[in-house]
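First up is the structure itself, then whatever we jot down about it.
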Amino acid sequence: MTNLLDIDIAVVGSGFAGALCALALRQRGHRVALIERGRHPRFAIGESTTPLANLLLEELADRYGLPQVRSFSKWGTWQRTTPEVACGLKRGFTFYFHDLDKRFADDADHARQLLVAASPNDEVADTHWYRPDFDLALVRQAEAAGAIYLDETRLDTVLDEGTVVRLEGARNGRPVAVAAGFVVDATGPRGCLTTILGTGAAPTRWLPPTQALYTHFENVDLWSNVAPPDGAPPYPPDAAALHHVFPGGWIWMLRFNNGITSAGAALTDGLAAILRASEGAPAWSRLLQALPSVGEQFETAQATMPFVHAPRVAFRCREVVGEKWALLPSAAGVIDPLLSTGFPLTLLGIARLLDLLEATAPGAQRQAALQAYARDTQEELDVTEQLVGALYACMSDPPLFKRFSLLYFAAASYSEAVRRLGRPHLAPGFLLNAHPRFGVELRACAALAATSPHGTPRMALVARIDRAIEPFDTAGLLDRTRRNWYPVLASDLIAGAPKLEASVEDVNRLLERCGLVRG
Ligand SMILES: Cc1cc2nc3c(=O)[nH]c(=O)nc-3n(C[C@H](O)[C@H](O)[C@H](O)COP(=O)(O)OP(=O)(O)OC[C@H]3O[C@@H](n4cnc5c(N)ncnc54)[C@H](O)[C@@H]3O)c2cc1C
C-alpha cells in the first residue's frame with residue numbers, strides 16, 4: 001500500500017527556483033514537499049545573474065526572513081559568508097563583435113565592443129551561480145527549514161481530487177503519492193505538469209529557431225590576454241558575462257572562482273547545420289576555427305564534461321496555470337541566454353506567486369489572481385522574445401545590435417533604481433513592458449528590426465531607439481563620448497533624479513545605502 005503524504009503545497013523541481021519557493025513557503029508555515037526527479041549536486045545551465053535578479057533575490061530574502069539567501073545577492077557578502085559555494089564575479093556585460101573567418105580587430109572608439117558595467121566595485125557586484133553548488137545549498141536550506149525533500153522521484157500522474165491535487169509516481173522503485181492543496185511547477189522547460197497534463201507548447205513568434213551547444217571547461221585563457229583592452233575599461237572585461245557575437249549566433253563565457261568556465265554557443269539553425277552542432281565537441285572546434293581569436297582563448301582548454309547539444313533553445317507553454325497549480329516562468333518558457341533574462345523573469349514570477357498564495361484562499365479570488373499571474377508571465381516572455389528576436393536580426397550589424405542592447409540596459413537600470421527608491425510602480429513589468437511609453441516603443445522598434453534592419457529605415461530606427469531610451473536613461477547610455485564603454489557613475493544617477501521622480505537627496509541616500517559610492 002502507498003503511504004499518502006499530505007501537505008499544503010508541493011513544489012516540483014528543486015533547481016534554485018523550486019528550492020527558493022519551498023524555503024519561502026516554509027517561512028510562512030506551510031507544509032511543503034520539494035520533489036526532484038534527479039539528485040544534487042548536478043549540472044544545470046543558466047548561471048549568470050544581473051543587478052535586477054539580485055535585487056529581486058534580496059527583496060525575496062527580506063520579505064521571507066532569509067538572511068542566508070540575501071548574502072548570495074552580492075559577490076562581497078557571498079565570499080564572506082559561504083566561500084565554499086562556488087560562483088563567479090560578474091561586473092558587467094561584455095560584448096565583442098566578430099566577422100566569421102577573421103581575427104578580432106577594433107578601432108579607438110571600440111566600435112566592435114560594448115562594455116556595460118553593472119556595479120562600481122567587486123563588493124556589490126553580481127555573480128554567476130555555479131549551479132551544482134548553489135542549488136544544493138538552497139535545497140539544504142529548504143530541508144533545514146522543514147521542507148520534505150523527495151529526490152530521485154518520478155511523477156507520472158496528476159489527479160484533481162476536489163480540494164487537493166494528488167501526485168503519484170515512484171521513488172527508487174517504490175510508489176509515492178502526495179496530496180497537496182496547490183502545486184508549483186519549477187521543473188524548467190518542457191517540465192512536469194506540461195508533460196503529464198499534456199497542456200502543450202506554444203510556438204515562438206519573434207525568435208528565429210536556435211540551437212545551443214555548451215559545456216564547462218578548465219584552463220580557458222582570458223580574453224584580455226588575446227585582445228588586451230585599449231585604455232582603462234570600466235571593469236576587467238573577463239569578470240563579466242562575456243559575449244562573442246557573430247553573424248548567425250553568439251558565444252557566452254562565464255568564469256567561476258573554482259577554475260571552471262561555462263561556455264557555449266547559441267546558433268541559428270542555418271549556422272548550426274553548417275557546423276553540424278549535434279556532433280558536440282567537433283562542432284565546437286569548427287566554430288572556433290571560424291572565430292580565430294576566440295579559438296586562441298581555448299587553445300589550452302579542456303571540457304570537464306561532455307558537450308550538451310540542445311536542438312531547440314526556446315520553449316513557450318500554452319497553459320501557465322490551472323485551478324490548483326501554476327508553472328514558474330522558467331517552466332512556462334525559455335527564450336535565450338542572451339541578456340540573462342531567465343533569472344529575473346523567474347524571480348519576478350516567484351514573488352508574484354508567493355504573494356498570490358498568501359493573499360488569496362482557494363476560490364474565485366484565487367482563480368482571478370492566477371489568471372493575472374498567467375497573463376503577466378506570458379506578456380513578459382513575449383516582450384523578452386521580441387527584444388531577443390530583434391538582437392538576432394542585428395547580429396551582422398553591431399551598431400544596431402548595440403542600440404537594442406542599450407534599450408535593455410536602460411530598462412534594467414531604470415527598473416533597478418526605482419525599485420531601490422521604493423517606487424516600483426514607475427517600472428511596471430519586466431523591461432518596462434507594461435509602461436505605456438517604453439513598452440510600446442520597445443515592441444515597435446523590435447518589430448521594425450525584424451522587418452527592415454538594413455538600408456535607410458535603419459537610421460530612423462536608431463534614432464527612434466534613442467528617443468525611447470532617453471526618458472529612462474539614468475546611466476549615461478546615450479553619451480557617445482563614452483565610446484561604447486559604460487561605467488557605473490553616481491553622477492549619472494544623480495543627474496537622472498528627475499526621471500526617477502526623486503530628489504537628489506533621495507538618490508544620494510540610495511547610493512550610500514547600496515554601497516554604490518565608495519571613497
Ligand atoms: C543555454 C541556456 C543558458 C541560460 N543562461 C542563463 C543565464 O546566464 N542567466 C539567466 O538568467 N538565465 C539563463 N537561462 C535560463 C535559466 O536556465 C533558467 O531561468 C533557470 O535555470 C531556471 O531555474 P529553475 O530552477 O526554474 O529550473 P532548472 O534549473 O531547469 O531546474 C529544474 C529542476 O527540476 C527538475 N525536474 C525536471 N523535470 C522534473 C520532473 N518531471 N519531476 C521532478 N523534477 C524535475 C530538474 O532535475 C531540475 O533539478 C539559460 C537557459 C538556457 C537554455
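Would you tally the residues in the stretch 352-379 being open to solvent by 10 Å² or more (accessible area, probe 1.4 Å) and farther than 18 Å from His30 by Cα? Residues in the stretch 352-379 being open to solvent by 10 Å² or more (accessible area, probe 1.4 Å) and farther than 18 Å from His30 by Cα: 13 in total. Scanning the stretch 25-43 for residues that are within 14 Å of the ligand (Cβ to nearest atom) and open to solvent by less than 10 Å² (accessible area, probe 1.4 Å) turns up Ala33, Leu34, Ile35.
Contact annotation: residue pairs with Cβ atoms under 6 Å, 6 or more positions apart or on different chains, pairing a residue in the stretch 2-18 that is in a strand (DSSP E or B) with a partner that is aromatic (Phe, Trp, Tyr) and more than 10 Å from the ligand (Cβ to nearest atom), are Ile9/Phe182. The criterion of being open to solvent by less than 10 Å² (accessible area, probe 1.4 Å) and either in contact with a Phe, Trp or Tyr (Cβ under 8 Å, 6 or more places away or on another chain) or not charged (D, E, K, R) (or both) holds for Gly349. Taken across the stretch 414-425, residues that are of a type in the set (D, E, K, R) and more than 20 Å from the chain's Cα centre (by Cα) do occur, with at least one present. Say we look at the stretch 104-140 and pick out the residues that are touching an Asp or Glu at 6+ places or on another chain (Cβ under 9 Å) and among the basic types (Lys, Arg); which of these is nearest to Glu36 (Cα to Cα)? Among those residues, the one meeting the criterion is Arg131.
If you go through the stretch 119-164 and keep only what is among the aliphatic types (A, V, I, L, M) and outside any loop (DSSP other than H, G, I, E, B), you end up with Leu136, Ala137, Leu138, Val139, Ala142, Ala144, Ile148, Leu150, Leu155, Val158, Leu159. Contact map, the stretch 363-378: residues that are at pLDDT 95 or above paired with residues that are of a type in the set (D, E, K, R) and open to solvent by 30 Å² or more (accessible area, probe 1.4 Å), Cβ distance under 6 Å, separation 6+ or inter-chain. Pairs shown: Tyr373/Arg352. Please determine, by comparing only the residues of the stretch 181-200 that are assigned to a strand (DSSP E or B) and either at pLDDT below 95 or within 14 Å of the ligand (Cβ to nearest atom) (or both), which one is surrounded by the fewest Cβ atoms within 10 Å (Cβ to Cβ). Going through the qualifying residues, I end up with Val183.
In a residue-by-residue description of the stretch 58-71, the property of being under 30 Å from Ala475 (Cβ atoms) and within 15 Å of the ligand (Cβ to nearest atom) applies to at least one position. It is to be established whether one or more residues within the stretch 459-477 are assigned to a helix (DSSP H, G or I), surrounded by 20 or more Cβ atoms within 10 Å (Cβ to Cβ) and aromatic (Phe, Trp, Tyr). Yes: one or more hits.
Considering only residues that are closer than 22 Å to Ile196 by Cβ and of a type in the set (A, V, I, L, M, F, W, C), which ones fall in the stretch 322-349? Trp325, Ala326, Leu327, Leu328, Ala331, Ala332, Val334, listed by residue number.
If you go through the stretch 204-259 one residue at a time, how many are more than 16 Å from the ligand (Cβ to nearest atom), part of a loop (DSSP other than H, G, I, E, B), within 20 Å of Ser48 (Cα to Cα) and of a type in the set (Asp, Glu)? Residues in the stretch 204-259 being more than 16 Å from the ligand (Cβ to nearest atom), part of a loop (DSSP other than H, G, I, E, B), within 20 Å of Ser48 (Cα to Cα) and of a type in the set (Asp, Glu): 1 in total.
Of the residues making up the stretch 289-344, those that are within 23 Å of the chain's Cα centre (by Cα), under 28 Å from Leu222 (Cβ atoms) and assigned to a strand (DSSP E or B) are Val308, His309, Ala310.
Only residues that are within 24 Å of Pro208 (Cβ to Cβ), β-branched (Val, Ile, Thr) and in contact with a Lys or Arg (Cβ under 9 Å, 6 or more places away or on another chain) were counted in the stretch 321-361, giving 2. Could you list all residues from the stretch 492-517 that are among the basic types (Lys, Arg) and surrounded by fewer than 17 Cβ atoms within 10 Å (Cβ to Cβ)? Passing the criteria: Arg509, Arg513.
Evaluation of Glu84 against the conditions (1) more than 14 Å from the ligand (Cβ to nearest atom); (2) in a strand (DSSP E or B) shows that the sole unmet condition is (2).
The values are calculated or read from the model by the stated rules, or taken from the named source; none is laboratory data. All values derive from a computational prediction rather than experimental measurement. Every residue, glycine as well, gets a Cβ built from its backbone with ideal geometry; the counts of neighbours run over all protein chains shown. Ligands, DNA and RNA are stripped out before the accessible areas are found, and what is left, the full protein with its side chains, is counted by its heavy atoms. Shrake-Rupley method; radii C 1.70, N 1.55, O 1.52, S 1.80 Å.
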